[in-house]
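Q: If you scroll down you'll find the structure; I have some questions about it.
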Amino acid sequence: MRRPSIFLREGIPTAIRPDGTLDRTHAPDISTERKRELYVAMLRTRVIDGRLERLQRQGRIGFHIGSLGEEASILGSAMAMGAQDWIFPCYREFGALLSRGFPLQSYVDNMFANANDIVKGRQMPDHYTSRAHRFGSVSSPIGTQISQAVGFAWAAKLKRDPITVAVYFGDGATSSHDFHTGLNFAGVYGAPVLFLCRNNQWAISLPSNEQTASQNFAEKASSYGVAAKRCDGNDVLATYHTITEALGYIQREKKPMMIEMLTYRMGGHSTSDDPRAYRVDDEVDRWAKTDPLVRMRRHLEHLGGWNETDESEAKQAVEQELSQCIERAEAAPPPELDTMFDDVYQTRPPHLQQQASQLIHGPRAVDPHLR
Amino acid sequence: MVPAPWILTCVKTMPKKNLVTALNEGLRSELAENPDVVVLGEDVGRVGGVFRVTAGLQEEFGSDRVIDTPLAEGGIIGAAIGMAMYGLRPIAEIQFSDFIFPAFDQIVSEAAKYRYRSGGEFPIPMVIRAPVGGGIRGGHYHSQSPEALFIHTPGLKVVCPSNPYDAKGLLKSAVKDNDTVMFFEPKRVYRAVKMEVPDGPYEIPLSQAKVVRPGEDVTVIAWGAMLFEALAAAESAQQQGVSTEVLDLRTLWPVDVESIMQSVRKTGRVVVVHEAPKTCGFGAELLTLVSEHAFLHLQAPPKRVTGWDTPFPYRLEQEYLPLQHRILPALLETAAY
């Protein structure tokens with residue numbers, strides 16, 4: 001079995017040293033309080049991931065696609081973005097959405113696809129969106145969000161709005177049509193896009209060294225005239241720093257940029273995947289040593305900004321909030337039958353009015369639990 | 001192509017324009033009315049489109065509004081979706097509908113589902129223009145009529161005008177519509193038909209079919225370039241004593257069921273004509289709708305006159321297309337049944 005090489009990390013600067021001290025040349029100049037926020041956001045994401053995976057195993061939700069091990073790449077990038085900036089997600093970035101103030105209850109409602117779900121129960125769990133939080137819509141096809149983010153950023157540029165659009169995708173998406181057309185269009189039009197490649201080394205079962213013959217994913221950008229950098233995606237401060245600099249470059253130079261965030265998918269692709277079928281070596285253990293939460297916690301402890309009490313209180317607070325959200329989401333009813341026919345078009349055409357009536361006056365009207 | 005009599009009888013005082021000019025006027029008028037309207041596609045700017053539908057627009061509105069793009073249909077539609085999300089009203093051109101398939105994913109998986117999948121957060125008001133149909137010696141890849149694929153996709157509207165007057169008014173409505181509209185232009189008609197088209201703006205509502213020739217004995221449903229074939233066949237049938245009502249659908253989806261049923265209830269006989277292959281073509285859906293809505297009014301088995309179930313051929317395209325010589329016997333047989 002060919003394996004992705006851990007040595008791919010060579011030459012990528014880190015901010016947090018193994019002893020928890022900081023290499024200031026690769027770290028952002030931010031307060032300890034902000035660093036705590038970054039850590040808490042990562043911790044929150046991890047706690048939620050663990051809980052949702054258990055819910056799926058219990059059959060209480062249908063699906064979850066988590067971010068175990070990738071918290072630093074997701075939060076370090078999302079939290080470096082400005083409030084005016086937009087995020088076009090892949091499907092592993094619920095932490096980014098929550099970091100923008102999206103209510104946890106709304107996220108859990110999405111996981112249960114209930115009547116309160118922002119997408120009205122129409123998509124699988126983890127396919128959220130929120131215009132108010134400047135967060136695009138998750139879709140399952142790989143890479144399609146990339147060219148859309150480019151069009152969105154391009155429109156902003158045409159309107160002279162100084163925003164940047166960050167678009168997330170995995171290493172697998174770099175083989176997709178939309179990656180190449182997206183980078184090409186962005187290069188040609190100077191669209192203010194931050195391409196965020198979360199290289200978690202695995203596209204379901206395909207390791208990154210079988211995804212491409214390139215030395216790394218960042219180098220692909222150069223063929224489109226797009227600047228690119230790699231960063232240690234398991235070092236939240238190095239990621240935050242790299243993204244801050246990239247955002248400055250994009251607005252200053254009026255050009256797009258790509259960042260390859262090197263990280264590692266510690267779990268399966270989703271709850272539908274068992275990585276033991278293709279990943280049986282000690283690779284996971286080796287990457288566990290670079291766990292982004294462990295590294296950031298060590299730094300915070302070094303600063304005297306975190307201790308065991310903080311840790312357990314923070315975890316407990318998330319668990320408690322989550323329990324309340326789950327209880328409410330689980331008790332909420334499914335979406336009304338009639339809503340199935342909304343939003344196909346702005347207004348319901350006659351054929352959908354007819355079909356809605358057929359459903360509403362059909363067998364389910366007699367017994368909504370009829371199968 | 002022989003212009004049909006109903007076109008020749010239009011008002012004499014207005015300037016006569018072909019489909020290309022009428023579409024160009026429609027685009028110009030939308031660009032002028034709304035600063036959020038942008039036109040993008042391959043060769044739409046500097047050269048004004050390979051069929052010249054966008055001629056002069058870049059000069060008038062600038063290269064930020066009429067944009068030449070790299071050669072990637074998926075990129076054009078993906079970017080147009082993003083533009084629509086931001087608040088622009090993109091009009092994307094796909095040079096030939098035969099080249100739309102690299103963008104199929106963005107149209108079918110993304111644009112068509114965006115409003116729905118986002119719970120209404122992100123409508124995609126966008127028009128995708130593409131020339132369709134055969135008869136210009138274009139072979140497989142410049143001749144197809146893929147409308148059924150898009151009609152089959154919930155969330156899309158599909159328009160296919162047959163003539164310059166309708167095209168301008170329908171295009172303006174499509175641009176103002178808040179859903180994604182596939183706007184198929186019959187390329188065989190581009191320069192073959194001239195008719196009076198007002199210089200000023202006007203709109204023709206979507207989802208309204210039009211009876212272009214009233215008749216009593218049999219209904220023929222057509223759209224795009226085949227409308228003229230249906231009209232010619234109707235004229236020949238008249239000489240043999242069969243009165244044919246010709247219905248131009250204009251908007252294919254959501255289709256004007258009421259106008260179809262009104263005509264079929266009157267004549268009791270119906271023939272559908274389309275260029276696309278027969279199997280699972282839009283004709284199949286139309287005749288099923290007729291069965292569902294007007295079964296007891298039918299006096300003859302409905303017929304389809306369509307392209308054959310083969311790839312679109314080059315040398316034998318006149319034998320592939322459902323031209324008047326194939327429509328006429330279908331009308332006579334249906335009427336005599």
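Q: With N set to the number of residues, divide the alpha-carbon radius of gyration of region A:147-253 by 2.2 N^0.38 Å and report two decimals.
A: 1.06
Q: While we're looking at this one, here's another question. About the Cα centre of region B:210-336, what is the dipole size in debye to 20, counting +1 per Lys and Arg Cβ and -1 per Asp and Glu Cβ, all else neutral?
A: 80 debye
Q: Output wanted: per-residue J couplings in Hz (rounded whole) for region B:250-260, from phi through Karplus 6.51 cos²θ - 1.76 cosθ + 1.60, θ = phi - 60°, x for Gly and Pro.
A: Running phi through 6.51 cos²θ - 1.76 cosθ + 1.60 with θ = phi - 60° gives 6, 9, 8, 8, x, 7, 7, 4, 4, 5, 4 Hz.
Q: How large is the translational diffusion coefficient of region B:149-267 in µm² per second when you combine the Kirkwood radius over alpha carbon pairs with Stokes-Einstein at 37 °C and 0.692 mPa s?
A: 220 µm²/s
Q: Tell me which residues come under 5 Å, amide H to amide H, from B:Glu245 once H is placed; ignore anything under 5 positions away on its chain.
A: So B:Glu245 has HN proximity to B:Gly215, B:Glu216, B:Asp217, B:Val218, B:Thr219, B:Val220.
Q: Another question, if that's okay. At 0.36 nm per residue, minus the direct Cα-Cα distance, what do A:Leu303 and A:Ser222 gain on full extension? Give it in nm, one decimal, please.
A: 25.3 nm
Q: Could I ask something else about it? Semi-axes, largest first, in whole Å: what does sqrt of 5 times each Cα gyration tensor eigenvalue give for region B:210-336?
A: So the three semi-axes of region B:210-336 are 21, 17, 13 Å.
Q: With only alpha-carbon atoms counted, please give the Rg and Dmax of region B:211-275, in Å.
A: 10.9, 35
Q: Summarise the partner chain shielding of A:105-111 as one whole number: the mean count of Cβ atoms from other chains within 10 Å of each residue's Cβ.
A: 0
Q: In degrees from 0 to 90, rounded to the nearest 10, what is the angle of the helix A:32-57 Cα long axis to the longest principal axis of chain A?
A: Once rounded, one gets 50 degrees.
Q: Restricting things to alpha carbons, tell me how big the protein assembly as shown is in terms of Rg and Dmax, in Å.
A: Final numbers for Rg and Dmax: 28.9, 99 Å.
Q: Still on this structure: Mind checking the alpha-carbon convex hull of region A:300-354 and giving the volume per residue in Å³?
A: For region A:300-354, the hull spanned by Cα atoms encloses 113 Å³ per residue.
Q: When all C-alpha to C-alpha distances in region A:237-284 are sorted into bins of 10 Å, what percent of pairs does each bin hold, rounded to whole numbers?
A: 20, 31, 20, 22, 6
Q: Shielding by partners for A:182-188, please: the mean number of other protein chain Cβ atoms within 10 Å of each residue's Cβ.
A: Other-chain Cβ atoms within 10 Å of each residue's Cβ, averaged: 4.
Q: So which of A:Lys220/A:Lys254; B:Lys172/B:Lys210; A:Lys120/B:Lys157; A:Lys159/B:Lys194; A:Lys120/A:Lys255 end up more than 29 Å apart, counting from Cα to Cα?
A: Pairs exceeding the cut-off: A:Lys159/B:Lys194; A:Lys120/A:Lys255.
Q: Tell me which residues come under 5 Å, amide H to amide H, from B:Glu185 once H is placed; ignore anything under 5 positions away on its chain.
A: When sequence neighbours closer than 5 places are left aside, the close amide H contacts are B:Ala130, B:Val132.
Q: Within a 10 angstrom radius of each residue's Cβ in B:60-73, how many Cβ atoms of other chains show up on average? Whole number is fine.
A: 2
Q: Quick one: order B:Thr279, A:Thr263 from most to least accessible surface, probe 1.4 Å.
A: B:Thr279, A:Thr263
Q: How much of the DSSP beta bridge set in region B:10-196 is antiparallel, as a percent to the nearest 5?
A: Restricted to region B:10-196, the bridges split so that about 10 percent are antiparallel.
Q: At 20 °C and a viscosity of 1.002 mPa s, what translational diffusion coefficient does Stokes-Einstein give for region B:239-292, taking Rh as the Kirkwood radius over Cα pairs? Give it in µm²/s as a whole number.
A: Translational diffusion coefficient: 175 µm²/s.
Q: Helix A:350-360 against the longest principal axis of chain A: what's the angle in degrees, Cα atoms only, rounded to the nearest 10?
A: 80 degrees
Q: With N residues in chain B, what two-decimal value do you get for its Cα radius of gyration over 2.2 N^0.38 Å?
A: Taking the Cα Rg and dividing by 2.2 N^0.38 Å, one obtains 0.97.
Q: In degrees, nearest 10, range 0 to 90: what is the angle between the Cα axis of helix B:282-294 and the longest Cα principal axis of chain B?
A: Approximately 60 degrees, to the nearest 10.
Q: Another one. Give or take rounding to whole Å, what are the principal axis extents of the alpha carbon atoms in region A:130-209, in descending order?
A: 42, 30, 17 Å, listed from the longest principal axis down.
Q: Still on this structure: Among A:Ala156, A:Ile259, A:Leu303, whose Cα sits farthest toward the positive end of the charge dipole of chain A (+1 at Cβ of Lys/Arg, -1 at Cβ of Asp/Glu, about the Cα centre)?
A: A:Ala156
Q: Going through region B:271-337, which trypsin sites (Lys or Arg not before Pro) have at most 13 other Cβ atoms within 10 Å and a DSSP loop state?
A: B:Arg315
Q: While we're on this one: Of all alpha-carbon pairs in region B:132-175, indicate the percentage at a distance above 12 angstrom.
A: For region B:132-175, the fraction of Cα-Cα distances above 12 Å is 67 percent.
Q: Compute the Rg/Rh shape ratio of region B:10-196: radius of gyration over Kirkwood radius, all on alpha-carbon atoms.
A: Rg/Rh for region B:10-196 comes to 0.95.
Q: Return the single residue from A:Asp282, A:Asp161, A:Asp171 with maximal mean-square fluctuation; model: Gaussian network over chain A, springs between Cα atoms under 10 Å.
A: A:Asp282
Q: In debye, nearest 20: dipole of the protein assembly as shown around its Cα centre with unit charges on the Cβ of K, R (+) and D, E (-)?
A: 820 debye
Q: Moving on to the next point. Quick one: Debye curve from the alpha-carbon atoms of region B:18-75 only, equal weights, vacuum; give me log10 I(q)/I(0) at q = 0.29, 0.31 Å⁻¹ to two decimals.
A: -1.21, -1.30
Q: Collect residues whose amide H, placed 1.01 Å from N in the peptide plane, falls under 5 Å from the amide H of B:Lys17; neighbours closer than 5 in sequence don't count.
A: Placed amide hydrogens put B:Met195, B:Glu196, B:Val197 under 5 Å from B:Lys17.
Q: Evaluate the relative contact order of chain A (contact order divided by residue number), counting alpha-carbon pairs under 8 angstrom at least 6 apart; express in whole percent.
A: 23 percent
Q: Starting from 0.36 nm per residue, how many nanometres of slack lie between A:Thr339 and A:Ala277 once their C-alpha separation is accounted for?
A: Length gained between A:Thr339 and A:Ala277: 18.3 nm.
Q: Looking only at chain A, where both bridge partners belong to it, what percent of the DSSP beta bridges are antiparallel (to the nearest 5)?
A: 15 percent
Q: Can you work out ³J(HN,Hα) from phi for every residue in region B:118-128, in order, using Karplus 6.51 cos²θ - 1.76 cosθ + 1.60 and θ = phi - 60°, giving whole Hz and x for Gly and Pro?
A: Running phi through 6.51 cos²θ - 1.76 cosθ + 1.60 with θ = phi - 60° gives 9, x, x, 5, 10, x, 10, x, 7, 10, 10 Hz.
Q: In deg cm²/dmol and to the nearest 500, what is the mean residue ellipticity at 222 nm of chain B if only DSSP H runs of at least 4 residues count, each as -39500 (n - 2.57), divided by the residue total?
A: Calculated at 222 nm, the ellipticity per residue is -10000 deg cm²/dmol.
Q: Something else about it: If I take the Cα coordinates of chain A and project them onto the principal axes, what are the three extents in Å, biggest first?
A: 67, 51, 44
Q: Using Cα-Cα distances under 8 Å and only pairs 6 or more residues apart, what relative contact order does region B:10-196 have, in percent?
A: It comes to 27 percent, rounded to a whole number.
Q: Could you check what % of the DSSP bridge pairs in the protein assembly as shown are antiparallel, to the nearest 5?
A: 15 percent
Q: How large is Rg/Rh for region B:64-164, to two decimals, with Cα atoms and a Kirkwood Rh?
A: Ratio value, two decimals: 0.97.
Q: Step through the residues of region B:79-89 one at a time and calculate ³J(HN,Hα) from phi using the Karplus curve (6.51 cos²θ - 1.76 cosθ + 1.60, θ = phi - 60°), rounding each to whole Hz and writing x for Gly and Pro.
A: 5, 5, 4, x, 5, 5, 4, 6, x, 7, 10
Q: Mind grabbing the base-10 log of I(q)/I(0) for region A:1-138 at q = 0.12, 0.21 Å⁻¹? Debye formula, identical points on the C-alpha positions, no solvent, two decimal places.
A: Treating every Cα as an identical point scatterer, log10 I(q)/I(0) equals -0.57, -1.28.
Q: Here's a follow-up. Normalised by the empirical 2.2 N^0.38 Å for globular proteins, what value does the Cα Rg of region A:250-329 take?
A: Cα-based Rg divided by the globular estimate yields 1.60.
Q: Going highest first, how would you order A:15-25, A:80-90 by mean Cβ packing within 10 Å?
A: By packing density, highest mean first, the sequence is A:80-90, A:15-25.
The values are calculated or read from the model by the stated rules, or taken from the named source; none is laboratory data. Please read these numbers as outputs of a predicted model, since none were measured by experiment. Because the Cβ atoms are built from the backbone with ideal geometry, glycine has one as well, and the counts that use them run over all protein chains shown. Each accessible area value is taken on the protein alone, full model and side chains, heavy atoms only, with ligands, DNA and RNA left out. Shrake-Rupley method; radii C 1.70, N 1.55, O 1.52, S 1.80 Å.
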